[in-house]
Amino acid sequence: MRILVTGGTGYIGSHTVIELLNNGYEVTILDNLSNSKELVVDRIEEIAGKRPDFVKGDIRSKEDLLKVFKGQKIDCVINFAGLKAVGESIKMPLEYYDNNIYGAINLLEVMRECECFNFIFSSSATVYGDPASVPVDETFPVGGTTNPYGTTKLFIEQILQDLYKADNRFNIAILRYFNPIGAHPSGLIGEDPNGIPNNLAPYITQVMVGKRDHLNIFGNDYDTKDGTCIRDYIHVCDLARGHVCAIKKLLENPGVVIYNLGTGKGSSVLDILHAFEAAYGKPIPYEFAPRRAGDITANYTKVEKAEREIGFKAQYDIMDMARDQWNWQKKNPNGYSK
Ligand code: NAD
Ligand code: UFG
């Protein structure tokens, strides 16, 4: 079976490609390299012992997509390609709607034309907005997104539901990721953000390698055990495995299925900091700073549905996540740029 992985040289995509190769799937990556490097393909080969096909291309280009679909039979598409920076999306909404929504529509049109009907979509826990309670499960209402990035996920989910109603040849898995962190234990691939990291874990590891002098913790007056926000951090290798579970589900022709992918455990910002300190063996400097606009107090998931229906259960805890992300950052202080 051949899987087209769009955005496959990115953070989650690259880890998923390894998991796919290790499970005997053939893989073609299509990525426009807007937020990743082609070197990732070499690293994937080094880890998996197999090289995925790589096409430099854009999901918004029918020509690029047809090159892939006409050249080989694609059995399933996993669409990681997208822009994902929350703050940037507020400044550049048109670019986000174009890249993420138009890109997804274009990809689905080509899939239909080429008779490939299995689709996995990278959605996000952000579609739950500020949930009325935690843990959240897949029946919780979606909406109330606070930025265009989150809204692209919400709209694409709706488009996928509408598409299936109109054309039930499609089988679609919507995967709502909680907070992916960590890296492959080899330290050969990992998250490589441009500029100042927006997200917690890469910011911490940049403090650890001396690129930033301290972590700012956004808010210590939330209604939580230690005043800092609670999230459900999931090891990126666990998340990657969730995609293999979802492919197997699609082969049963389930229509549209939705799964939250997390560990079911909420950790505070200070819990995460302490996990990285354990990996580091010394304290990491931090200061409390004002709350960040748009942050919610707590979000973590119920895990029963994914466990029951696709056999997915996260294996790693936050200590493993911190160890592996630190290992990646330590070995690659400048990410993929030497
Ligand atoms: P990433 O930026 O590392 O990977 C995305 C990849 O897509 C990059 O390699 C980029 O070059 C490529 N890309 C972007 N636009 C493209 C286009 N038009 N055509 C072809 N390639 C394109 O991001 P990631 O963290 O690996 O996230 C992957 C997906 O998961 C994204 O859709 C993201 O929104 C979603 N997601 C991520 C998180 C997270 O915290 N990382 C959480 C929830 C959902
Ligand atoms: N945080 C800090 N300091 C930092 C960065 C983050 O204190 O320098 C805090 C945030 O305030 C938040 C927690 O760390 O309480 C996690 O923040 P992240 O930015 O790492 O993650 P978010 O939960 O805000 O959002 C992430 C992705 C979204 C995605 C969401 C759910 O950025 O795209 O997870 O999947 F939608």
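What follows is calculated from the coordinates using simple rules that are stated; it is not laboratory data. Owing to the predicted nature of the structure, the values given are computational and were not obtained by experimental measurement. FYI the Cβ positions are ideal-geometry reconstructions off the backbone, even for glycines, and counts take in every protein chain you see.
Determine the distance separating the Cα centre of the stretch 163-195 from the Cα centre of the stretch 81-107; give it in Å without decimals.
15 Å
Could you compute the net charge surrounding Ala201? Neighbours are other residues with a C-beta less than 15 Å from the C-beta of Ala201; K and R count +1, D and E count -1.
My count for the surroundings of Ala201 gives -3.
With helices defined as uninterrupted DSSP H runs, which ones in the chain have an alpha carbon span along their own long axis of at least 20 Å and mean Kyte-Doolittle hydropathy of at least 0.0?
Helices passing the filter in the chain: 236-250.
Scan the chain and report its longest stretch carrying no GluC sites (Glu not before Pro) that are both in a DSSP loop and have at most 11 other Cβ atoms within 10 Å.
On the way: sites that count: Glu115, Glu252.
After excluding every exposed loop site, the longest remaining stretch is 116-251.
In percent, how large is the relative contact order of the chain, given Cα pairs closer than 8 Å and 6 or more residues apart?
19 percent
Compute the FRET efficiency between Arg2 and Lys330 as 1/(1 + (r/R0)^6), taking r as their Cβ-Cβ distance and R0 = 41 Å, and round to the nearest 0.05.
0.70
Taking the number of other C-beta atoms within 10 Å as the exposure measure, put Ile29, Ile47 in order starting with the fewest.
Arranged by neighbour count, lowest to highest, Ile29, Ile47 become Ile47, Ile29.
Are there trypsin sites (Lys or Arg not before Pro) in the stretch 221-282 that DSSP puts in a loop and that have at most 12 other Cβ atoms within 10 Å, and which ones?
Hits after loop and neighbour filter: Lys225.
Under the 0.36 nm per residue contour assumption, what length would be gained going from the current alpha-carbon distance of Lys62 and Asp226 to full extension?
54.0 nm
Please work out how many pairs of lysine residues in the stretch 54-165 are eight or more positions apart (or on different chains) and have Cα atoms closer than 16 angstrom.
Details: Lys56/Lys67; Lys56/Lys70; Lys62/Lys70; Lys84/Lys153.
Lysine pairs satisfying the spacing and distance rule in the stretch 54-165 number 4.
With contacts defined as alpha carbon pairs under 8 Å and 6 or more residues apart, what's the relative contact order of the stretch 117-201 in percent?
37 percent
Set the Förster distance to 25 Å, then compute FRET efficiency between Arg292 and Ala132 from the Cβ-Cβ distance, nearest 0.05.
E between Arg292 and Ala132, to the nearest 0.05, is 0.70.
How much length would be gained if the chain were fully extended between Gln158 and Arg212, taking 0.36 nm per residue of separation minus their Cα-Cα distance, in nm to one decimal?
In short, 15.5 nm is gained.
Taking loop as defined by DSSP and a crowding limit of 16 other beta carbons within 10 Å, which trypsin sites (Lys or Arg not before Pro) in the stretch 59-134 fit?
Filter output for the stretch 59-134: Lys73.
Excluding residues on the same chain fewer than 8 positions from Lys331, give the aspartates and glutamates whose Cα lies under 13 Å from its Cα.
Glu191, Asp192
Where does each of His15, His274 land when they are ranked from fewest to most other beta-carbon atoms within 10 angstrom?
Final ranking by Cβ density, sparse to dense: His274, His15.
Short version: ³J(HN,Hα) in whole Hz for each residue of the stretch 75-90, in order, from phi by Karplus 6.51 cos²θ - 1.76 cosθ + 1.60 (θ = phi - 60°), x for Gly and Pro, what are they?
8, 7, 10, 10, 9, 8, 5, x, 8, 9, 8, 4, x, 4, 5, 6
By a straight-distance test (C-alpha under 20 Å), which lysines pair with Lys330 as possible cross-link partners, with residues fewer than eight away in the same chain excluded?
Within the straight-line limit of under 20 Å, Lys330 reaches these lysines: Lys37, Lys211, Lys282, Lys338.
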